[in-house]
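Engineer: To start, I am sharing the structure in question, which I have written as structure tokens.
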Amino acid sequence: MNDSTNGIETTAPVLPTSCGSPLLMFRLSLMMFLQYAIWGAWTTALGAHLLDTLGFSGKQTGLIYGCLWLGCMIAPFIGGQFADRLMPTQVFLALAHLIGAVFLYLTAVQTEFGAMWVWMFLYSLCYAPTLALTNSICFHNLHDPERQFGKIRLWGTTGWIVAGLMVWLIRRTWHTELWADKSDLLLIAAAVSVVMGVFCFALPHTPPRRQSKHPLAFLEAVALLKDKNFLVFMLISFVVTTELQFYYVPTAPFLIDRGAGAEAITAIKTAAQLAEIAVLLWLLHRSLNRFGVRKTMIIGVLAWPLRYLLFTIPYLPINVASLTLHGFGYAFFFVASQIYVNMKAQDDMRASAQALLTFFTLGIGNFLGTQFTGWCLDFFSTDAGEQRWSTFFMVPTAICIACALAFVLFFHDDVKVTQEMSTA
């Protein structure tokens, strides 16, 4: 079974029927809920705190956001080695989240860029490995992970949504968005991280495997790049990922400038995750079965420039409604991409191929994307510090349209998926 986050290959042992028990499913679902609630509590609106409250530049904001993606590049060397050789996975998860909570707190109370970057980077080194290991602990303990994992992973998106609503409720009640000397978002995330760390000790015992692959095992999949279609796919995926940061980093200050209340930003942005759930449940498998992976991914790429074009319209209801296109783009492109890689790679190379995709998209692509987004924020701001949003969002619009055209012209691997694969 393949880990969809960074390609860790996990071979599940023969497990008793109780491994599919309601109690186990509940524990793993709650784990996913808390895992992504931590992330969702801060990432959607921290940009407004950095840019507007602390007065950071666009470049500095991009560097703060880029810490997590640096962590994702380093994660295979950290979490995989500890969980594979030194300690049970649930113990590593508990320690990572408890230590991470301390780093989140220290990040939250910083007002200077240098100190904030250091603490955020240290936190990212704790959190990034847990993205893969929460998947791995599911694959290890479920007796039918192909069909059960999707139901569990859905609770991660639910946790992201609930975290956004929780932030909105806290801000509406205590107006914590007005704090100037600390970030309420990071403090809330730290509190959830403590809960997650304690809860991890109650997860199923998952001992070290001690027969793991080398942490650079994804290099085994480099041979796939000899396939012209796979090379085109990987290059376009890399470029598309860089443009995804034009959504994550500046959308909070953008919506505030359009008239949204700062206290409501995280609740407003849950529209993207609600759309993602709807697409994953009802639309993605239908598109894959009817159109194949190629056309499905093209639809996903086009969803993002359409959203950015709608962002250029200075009317808040349209801007908010366009957030739903993020869910379409993410599911139709990134989830479909993982399915495509799974089909292209041979059985003994699938984990490595997923790791290769993750390294160049979730890692390098996202990191460079945050830096490019930060540079554009500075470039398209006026001398008075106001942002020229319409011009700013035309940059990712043009790049994503170019990526879609490149897919049409140069990518011709029109593979089909089975009903089982599209609904797994």
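Rule-based calculations on the coordinates, nothing more; no lab input. The model shown is predicted, which means the values in this text are computed figures rather than measured ones. So basically every Cβ, Gly included, is an ideal-geometry build from the backbone, and we count neighbours across all protein chains shown.
Engineer: Using θ = phi - 60° and the Karplus relation 6.51 cos²θ - 1.76 cosθ + 1.60, list the HN-Hα couplings for segment 185-197 in order, rounded to whole Hz, with x at every Gly or Pro.
Structural biologist: Residue by residue, segment 185-197 yields 4, 5, 5, 5, 4, 5, 5, 5, 5, 5, 4, 4, x Hz.
Engineer: Sticking with this structure for a sec: Lys and Arg at +1, Asp and Glu at -1: add these up for the other residues within a Cβ distance under 10 Å of SER29 and post the number. Could the numbers behind the result be given before it?
Structural biologist: Details: positive: ARG27, LYS151, ARG153; negative: none.
Residues near SER29 contribute +3 overall.
Engineer: Using Cα pairs under 8 angstrom and six or more residues apart, how large is the relative contact order of segment 18-212, in percent? It would help to have the intermediate numbers written out before the result.
Structural biologist: Working: 270 pairs, mean separation 86.8, N = 195.
Relative contact order for segment 18-212 comes out at 45 percent.
Engineer: With the dipole of segment 218-283 worked out from charges on the C-beta (+1 for Lys and Arg, -1 for Asp and Glu) around the Cα centre, which of PHE238, ALA267, LEU255 lies farthest toward the positive end?
Structural biologist: Comparing the listed Cα positions along the dipole, PHE238 ranks first.
Engineer: May I pose another question? Would you tally the net charge around TYR340, using a Cβ to Cβ cut-off of less than 9 Å, leaving TYR340 out, and scoring K and R as +1, D and E as -1?
Structural biologist: Numbers: positive: ARG294, LYS344; negative: ASP413.
Around TYR340, the surrounding residues sum to +1.
Engineer: Using the Kirkwood formula over every pair of different C-alpha atoms, what hydrodynamic radius in Å results for segment 349-418? All intermediate terms of the calculation are to be shown ahead of the outcome.
Structural biologist: Numbers: mean 1/r = 0.0664 Å⁻¹.
Evaluated over segment 349-418, this radius sits at 15.1 Å.
Engineer: Something else now. Where nothing but the Cβ of Lys and Arg (+1) and of Asp and Glu (-1) is charged, how large is the charge dipole of segment 216-424 around its Cα centre, in debye to the nearest 20?
Structural biologist: Numbers: 13 positive and 14 negative charges, 112 e Å.
So the dipole magnitude of segment 216-424 works out to roughly 540 debye.
Engineer: Shifting gears a bit: Can you put HIS143, HIS49 in order, fewest other beta carbons within 10 Å first?
Structural biologist: On the way: HIS143 16, HIS49 25.
Ordered by Cβ neighbours within 10 Å, fewest first: HIS143, HIS49.
Engineer: Using only Cα atoms, locate the centre of segment 302-323 and the centre of segment 30-52, then give the distance between them in Å, rounded to an integer.
Structural biologist: 22
Engineer: Oh, and also: Can you give the Kirkwood hydrodynamic radius for segment 18-212, in Å, rounded to one decimal and based on Cα pairs?
Structural biologist: Numbers: mean 1/r = 0.0582 Å⁻¹.
It works out to 17.2 Å.
Engineer: If you put +1 on each Lys and Arg Cβ and -1 on each Asp and Glu Cβ, how big is the dipole of the chain around its Cα centre, in Debye rounded to 20? Show your work: numbers first, answer last.
Structural biologist: Values: 25 positive and 24 negative charges, 153 e Å.
With Lys and Arg at +1 and Asp and Glu at -1, about 740 debye.
Engineer: Any idea how many Lys pairs in the chain come in under 19 angstrom at the alpha carbon, given 8 or more places apart or on separate chains? Before the final figure, lay out the partial values.
Structural biologist: Details: LYS226/LYS344; LYS228/LYS295; LYS228/LYS344; LYS228/LYS416; LYS295/LYS344; LYS295/LYS416; LYS344/LYS416.
Step by step, the pairs that qualify in the chain add up to 7.
Engineer: A further question follows. So what are the ³J(HN,Hα) numbers for segment 200-207, from phi and the Karplus equation (6.51, -1.76, 1.60; θ = phi - 60°), rounded to whole Hz, Gly and Pro as x?
Structural biologist: Values per residue, Gly and Pro as x: 4, 5, 8, 6, x, 5, 10, x Hz.
Engineer: Which of ASP227, ASP257 comes first, and how do the rest follow, when ranked by fewest Cβ neighbours within 10 Å?
Structural biologist: Details: ASP227 13, ASP257 16.
Going from sparsest to densest Cβ surroundings: ASP227, ASP257.
Engineer: Tell me which of SER183, LEU142, ALA108 sits at the most positive position along the dipole axis of segment 18-212, charges placed on C-beta atoms (Lys, Arg +1; Asp, Glu -1).
Structural biologist: Result: LEU142.
Engineer: Could you grab the relative contact order for the chain? Cα pairs under 8 Å, six or more apart, rounded to a whole percent.
Structural biologist: Working: 717 pairs, mean separation 117.6, N = 424.
It comes to 28 percent, rounded to a whole number.
Engineer: Separate question: When the helix-only estimate is applied to the chain (DSSP H runs of n ≥ 4, each -39,500 (n - 2.57), divided by the residue count), what is the mean residue ellipticity at 222 nm, nearest 500 deg cm²/dmol?
Structural biologist: -22000 deg cm²/dmol
Engineer: With springs only between Cα atoms under 10 Å, which of ASP383, ASP413, ASP144 fluctuates most in a Gaussian network model of the chain?
Structural biologist: ASP383
Engineer: Here is a further query. How compact and how long is the chain, expressed as Rg and Dmax of its alpha-carbon atoms in Å?
Structural biologist: So, for the chain, Rg and Dmax equal 20.6, 66 Å respectively.
Engineer: Which net charge results for the neighbourhood of LEU316, defined as the other residues with beta-carbon distances under 14 angstrom from its beta-carbon, given Lys and Arg at +1 and Asp and Glu at -1?
Structural biologist: On the way: positive: ARG258, LYS269; negative: ASP257.
After counting each charged neighbour, the total is +1.
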